[in-house]
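Structure first, then comments.
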Amino acid sequence: MSHAKNSCAGRYTAVNLTNSDTVEIRMFRGTLKLNTLKATLQMVNHLVEVAVSMSDAAVQDMSWFDFLDDITESELIQYLKERRLYVNEPVNTSEEE
């Protein structure tokens, strides 16, 4: 945490840690769509749950697909699908003949 707070990235990063009392999430655009607003709040909530419940090492070892495993909110799933960030089933690859 101290390394992240002392970095020279500044306040305009996806996660702003420059204020000693707050953590600011800046990775979403503004929206007027209710479902998008709900989905972004659900995403931040999921990020917080992961950060609070897991060790630093476990979070660093976590893959994107591990992160997605516990998401159940329909608005967030739809939001991620629309952006091609949510995969329901593993993709099987085969070599061309």
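Assuming a viscosity of 1.306 mPa s and a temperature of 10 °C, what translational diffusion coefficient in µm² per second does Stokes-Einstein assign to the stretch 31-87, Rh being the Kirkwood radius over Cα pairs?
Numbers: Rh = 12.0 Å.
D, rounded to a whole number, is 133 µm²/s.
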For the stretch 22-39, in residue order, the Karplus 3J(HN,Hα) values (coefficients 6.51, -1.76, 1.60; θ = phi - 60°; whole Hz; Gly and Pro = x) are 9, 10, 10, 9, 10, 9, 10, 7, x, 8, 10, 7, 4, 5, 5, 4, 4, 5
Per the 1/(1 + (r/R0)^6) rule, R0 = 30 Å and r from the Cβ atoms of L34 and I71, FRET efficiency to 0.05 is 0.95
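Only the coordinates and a few stated rules stand behind these numbers; no lab work does. These numbers were taken from a predicted model, which means no experiment stands behind them. Methodologically, a virtual Cβ is constructed for each residue, glycine included, from the backbone with ideal geometry; neighbour enumeration extends over all protein chains shown.
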